[in-house]
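A.B. asks: Below is one structure. I have some questions about it.
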Amino acid sequence: MRVENIMRTTVRDLAELVGGELLGDGSCEITGVSSIEEAMPGDLVFAQDPRYLRQAAESAASAIVAQQGARNTGKPLILVEEPRYAFARILEMFGPTSKVEPGIHPTAHTGEIFRSGENVSIQYGCYIGDNVTLGDRVHIHPLSHIADNVTIGSDVVIHPFVCIQQGAVIGDRVTIHSSSVIGSDGFGFVMVDGVQRKIPQIGNVVIGDDVEIGANVTIDRARTGSTEIGAGTKIDNLVHVAHNVKIGKNCLIVALTGIAGSVTIGDGVVLAGQSGVKDHVRIGNNVIAAARAGVIGDLEDGARVSGFPARSHCEQMRVSAAMLRLPDIMKLVAKLEKRIAVLEGRSAEDGEPGD
Amino acid sequence: MRVENIMRTTVRDLAELVGGELLGDGSCEITGVSSIEEAMPGDLVFAQDPRYLRQAAESAASAIVAQQGARNTGKPLILVEEPRYAFARILEMFGPTSKVEPGIHPTAHTGEIFRSGENVSIQYGCYIGDNVTLGDRVHIHPLSHIADNVTIGSDVVIHPFVCIQQGAVIGDRVTIHSSSVIGSDGFGFVMVDGVQRKIPQIGNVVIGDDVEIGANVTIDRARTGSTEIGAGTKIDNLVHVAHNVKIGKNCLIVALTGIAGSVTIGDGVVLAGQSGVKDHVRIGNNVIAAARAGVIGDLEDGARVSGFPARSHCEQMRVSAAMLRLPDIMKLVAKLEKRIAVLEGRSAEDGEPGD
Amino acid sequence: MRVENIMRTTVRDLAELVGGELLGDGSCEITGVSSIEEAMPGDLVFAQDPRYLRQAAESAASAIVAQQGARNTGKPLILVEEPRYAFARILEMFGPTSKVEPGIHPTAHTGEIFRSGENVSIQYGCYIGDNVTLGDRVHIHPLSHIADNVTIGSDVVIHPFVCIQQGAVIGDRVTIHSSSVIGSDGFGFVMVDGVQRKIPQIGNVVIGDDVEIGANVTIDRARTGSTEIGAGTKIDNLVHVAHNVKIGKNCLIVALTGIAGSVTIGDGVVLAGQSGVKDHVRIGNNVIAAARAGVIGDLEDGARVSGFPARSHCEQMRVSAAMLRLPDIMKLVAKLEKRIAVLEGRSAEDGEPGD
């Protein structure tokens, strides 16, 4: 289904590929593509404007895709009109090789009322329930489970041991990694007569286009209605998304983060590793919560928070720095008390005793 | 195996169902049942006494099951003698529809000495080891794994990709969600001559009646003896329970919590999200540990703790509040020092210099 | 493949087994082996020297393997020349019983170019991709998934629902518990024109000899090159290891820990439960990070750290203790301010007003 991809090439070949002008050593070998922050030797990165060009030049990257007219930086450059588009084309070239033969493996189970688009691949040992709809070029790896009444778009990749539960709706170009569970029951109980009774969880999960979900992630179905993951959002491994959560578009949710029930998250939000969000909290657009942040109250658009309870990153830094100085402050306060006592002693000699 | 359940009804129909008196608009549509705290429009909640009735009236719920004689609250009421029992009956009505055909799928593997009760359903691609015993109406979803010497009670639901390891004993009415592992080896090693040697983990896991275990949970077998989960306890997704832990009855263990080896937990305990308990700690009955609490010492019955290290919630709140004021305190102390220096200067003029 | 192992024996029998001298009650029953810290009644522990002998004597263990010439401690002793070697032999005796019949189950799928050593067992419902190489005595439990181009050494145990992705290389005597994912894609994206574009993850995972990996662990493949787990390292349940991480030898990584991308960890490192390491951090040899430590900067060999941000354990303890006293300090500062004001008042009476 895909062309054989490259894993090792030169700056010259890549410049040709995107129709760019080569500046510098075209024989420089490129083995990967990267963001500037994560660049390693052998990587190609892109710099949309002069500010990023400087960062790219200082990074460990071996070559840079930059705008026509960019000045020489010492690293080989590929000069193009729109660096981001050229880079996007190169990104695709570096994708992993994958040979997928369309068809349903004879061991796989498909249920009643099974609708499927073109070039679908359902591999060894998969279970597909009743009333399931798949788009084109869906690739379901061996030993996956799709329950009844699930709808999946086109160009979706489902890795082994993924469990998609009843009624889930999944968009186009979604990838779900191994052992993730989409649509497990929400954790809802009500104490009735000293016993925790289960509150029925009869909603579903709706996942937008271009979402990627890591390994061992759990996304609970809604109690009623839908738990929603917005288009373009990327979720890392071992993340927990509780029932009735709504996550917006193009968010990044990093590993081991927990999002409690009925939380609403805007677009472009980053929740860094091991962070957490309290139930019913509303997070605005473009919020960044640092690693380990524990968000317990609503956050406005663009907020930068850290700590637990999460507060403005600047304030948190100030408190954190102050905490480190705390043992010294305590010694200072003890000394000041003595100096006051001395002053009070003198003052008492001058007149009546202090309070 | 179950009756077709409802997903949309009216207050009038529900009042009839439980033989209750209707107060208010009977045509009000009900789409779910909930606790008061989590109520959304369309929900029915229950209020056992006047205090809860006020909370229920102020919640987003659409209607309330209350005690006979309850005053009008503006929301439709269903008045009954025992609200909790009526509510429990309604809860069951709202459970998800599930059609289960008894029988063992021809692809499933069952081992030697397989004992099973009535109306058991073992679905596509399940593996059942040797010497396994199942009660009545056990429903094992596709692609699950039950190892040798496992005993499972009646009315148990095992979701896809659940792995139940050797020797586990599971009570009645237990539900285990996808990709959870019951009886993986405990994490026990001993350094012998510079190398970590594995301590054999030869115990098992024992799970009481009415337990629910979320998705991607890990419960380790005991080193010797049993790791125990008490009856009625509910465990959320991505929780880790280490070897030889004993959890009491009717506890709630929320997502991403870790409980280290040989911890003992009483009945009715709540460990909120991302909390942790140090190995060998003993936690009494009805303890509540807030989100992110890190419990490193024993806790008495009824303790309310938060923070890391976890301490009394009140004390933690005081310390937390003080921390926020810390930068200001530091400025104040610096000012006080100057004022003291000024006083000392004057005092020195009066007599001999300060210390 | 293994001898039937023991689960209950006496000190006398174990002394005979290792050719040791018995001191004390030989009829004492032994049901397990343990480290001194985790010892329970019925356990045998070992004490390499007199210091550990005292700790062992004070533990709950029932008997001790000690060095010839060790003094009587009240507990039965097995005296040998090298306690650690004798203990290692006994450890093996207590391993769990396991009957494994070599062969490939008829339901299992093996791909093209499948190479395998002697006495390999591939059980029910396993999927093995193309170009896979297995050593001797590899035991793949039911319903596991090995992707294309994977190489596995000898005496490896793969539990159910383990997913080993393309190109992984796994050493000898490795054990991987259920639902762990070896080689999921790293979490790498680059914002191109307002959209998170995936950075291809085309590296692999390399796991050394004698590694044990718990349940529901995720180890991401490298972007390019390899994510590496060193020989003898043990990883607990629900741990996340991101792309391009390098972990050294004989480390212990405890449950719910997250290690971000491109982190380098030395040998003999312990990361306790729920700890975390920031991307690109370098951790030296023999570092110990306490539970919940959040390591955000490089650490030298032998560092002992705790807290978030992680700092020297001693300093963290001092800051932690100071924090608890903070509310009192604040009251004290308020009092001191009043006392200063009183002094200033008097001083003002003496002369000109204070600043």
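A.B. asks: Only four residue types carry charge here, +1 at the Cβ of Lys and Arg and -1 at the Cβ of Asp and Glu. Report the dipole size of the stretch A:162-314 about the Cα centre in Debye, rounded to the nearest 20.
C.D. replies: So the magnitude is around 300 debye.
A.B. asks: Same structure again: So which residue, out of B:Asp301, B:Asp136, B:Asp13, gets the largest mean-square fluctuation from a GNM of chain B using Cα contacts under 10 Å as springs?
C.D. replies: B:Asp13
A.B. asks: Would you pull out the residues with amide H under 5 Å of C:Ile104's amide H, same chain only if 5 or more places away, H placed 1.01 Å from N?
C.D. replies: Those lying under 5 Å, H to H, from C:Ile104 are C:Ile122.
A.B. asks: To one decimal in nm, how far is C:Asp130 from the same spot in the other copies, if labels go 7 Å from Cα toward Cβ? Please give the shortest first.
C.D. replies: Taking the point 7 Å beyond Cα along Cα→Cβ, the inter-copy spacings are 3.8, 3.8 nm.
A.B. asks: Moving to a separate point now. Classify the stretch A:162-314 from the C-alpha gyration tensor, please: rounded if a/c falls under 1.5, else prolate or oblate depending on whether a/b exceeds b/c.
C.D. replies: It comes out oblate by the Cα gyration axes.
A.B. asks: Mind checking which of A:Ala334, A:Ala168, A:Ala56 has the largest fluctuation in a GNM of chain A, springs on alpha carbons under 10 Å?
C.D. replies: Greatest mean-square fluctuation among the candidates belongs to A:Ala334.
A.B. asks: Measuring nothing but label to label, 7 Å from Cα along Cα→Cβ, what are B:Met191's distances to the other copies in nm, shortest first?
C.D. replies: In ascending order, 4.5, 4.5 nm.
A.B. asks: Relative to the present Cα-Cα distance, how much length would full extension add between A:Arg8 and A:Ala60 at 0.36 nm per residue of separation?
C.D. replies: Full-extension gain reported as 17.0 nm.
A.B. asks: Quick check: pseudo-label points 7 Å beyond the Cα along Cα→Cβ at B:Glu29 and A:Glu101, how many nm apart are they?
C.D. replies: Modelled inter-label distance: 5.1 nm.
A.B. asks: With the cut-off at 1.5 for a/c, could you classify chain B from its C-alpha gyration tensor as rounded, prolate or oblate?
C.D. replies: Note, shape of chain B comes out oblate.
A.B. asks: Ok, one more. Determine the gain in length on full extension of the stretch C:Lys331-C:Val195; use 0.36 nm per residue of separation and subtract their C-alpha separation, reporting nm with one decimal.
C.D. replies: Full-extension gain reported as 43.7 nm.
A.B. asks: Counting DSSP beta bridges with both partners in chain A, what percentage is antiparallel, nearest 5?
C.D. replies: In chain A, DSSP labels about 15 percent of beta bridges as antiparallel.
A.B. asks: Same structure, new question: Count neighbours as other Cβ atoms within 10 Å of each site's Cβ, and list the trypsin sites (Lys or Arg not before Pro) in the stretch A:64-131 that are DSSP loop with at most 15 such neighbours.
C.D. replies: A:Arg71, A:Lys99
A.B. asks: Please compute, for peptide C:55-67, the average count of beta-carbon atoms on other protein chains lying within 10 Å of each residue's beta-carbon.
C.D. replies: Partner Cβ neighbours, averaged per residue: 0.
A.B. asks: While we're looking at this one, here's another question. What are the aspartates and glutamates whose alpha-carbon lies under 15 Å from the alpha-carbon of B:Lys335, with same-chain residues fewer than 8 places away excluded?
C.D. replies: Within the straight-line cut-off, B:Lys335 pairs with A:Glu337, B:Glu344, C:Glu337, C:Glu344, C:Asp355.
A.B. asks: For chain B, which span is the longest to avoid every loop-located (per DSSP) member of GluC sites (Glu not before Pro) having at most 14 other Cβ atoms inside 10 Å?
C.D. replies: For GluC sites (Glu not before Pro) (loop position, at most 14 other Cβ atoms within 10 Å), the longest site-free span of chain B is B:119-299.
A.B. asks: Efficiency by 1/(1 + (r/R0)^6): what FRET value for C:Ala321 and A:Glu112, r their Cβ-Cβ distance, R0 = 45 Å, to the nearest 0.05?
C.D. replies: Between C:Ala321 and A:Glu112 the formula returns 0.10.
A.B. asks: Longer than 19 Å from Cα to Cα, which of A:Lys338/C:Lys338; B:Lys198/C:Lys234; B:Lys198/C:Lys75; A:Lys331/B:Lys338; A:Lys234/C:Lys198; A:Lys234/B:Lys234 are they? Say none if no pair is.
C.D. replies: Check vs 19 Å cut-off fails for B:Lys198/C:Lys75; A:Lys234/B:Lys234.
A.B. asks: Give the distance, in whole Å, between the Cα centre of the stretch C:115-165 and the Cα centre of the stretch C:281-355.
C.D. replies: Using only Cα atoms, the two centres lie 54 Å from each other.
A.B. asks: Defining the label point at 7 Å along Cα→Cβ, can you sort the distances from C:Arg115 to the same site in each other copy, shortest first, in nm?
C.D. replies: Listed shortest first, these distances are 4.9, 4.9 nm.
A.B. asks: Using a/c under 1.5 as the rounded threshold, could you call the protein assembly as shown rounded, prolate or oblate? The axes a ≥ b ≥ c are square roots of the C-alpha gyration tensor eigenvalues, and prolate needs a/b larger than b/c, oblate otherwise.
C.D. replies: Note, shape of the protein assembly as shown comes out rounded.
A.B. asks: Rank B:Val333, B:Val45, B:Val241 by mean-square fluctuation in a GNM of chain B with C-alpha springs under 10 angstrom and give only the top-ranked residue.
C.D. replies: B:Val333
A.B. asks: Calculate what fraction, in whole %, of the accessible area of chain A sits on carbon and sulfur atoms when a 1.4 Å probe is rolled over the protein chains.
C.D. replies: 50 percent
A.B. asks: Also, quick follow-up: What 222 nm value per residue comes from the helices of chain C, counting each DSSP H run with n ≥ 4 as -39,500 (n - 2.57) and dividing by all residues, nearest 500 deg cm²/dmol?
C.D. replies: Result for chain C, helices only: -5500 deg cm²/dmol.
The values are calculated or read from the model by the stated rules, or taken from the named source; none is laboratory data. All figures in this text were calculated on a predicted structure; none of them were measured in a lab. Cβ: placed from backbone, ideal geometry, glycine included. Neighbour counts: every protein chain shown. For accessibility, only protein heavy atoms count, side chains too; no ligands or nucleic acids. Shrake-Rupley method; radii C 1.70, N 1.55, O 1.52, S 1.80 Å.
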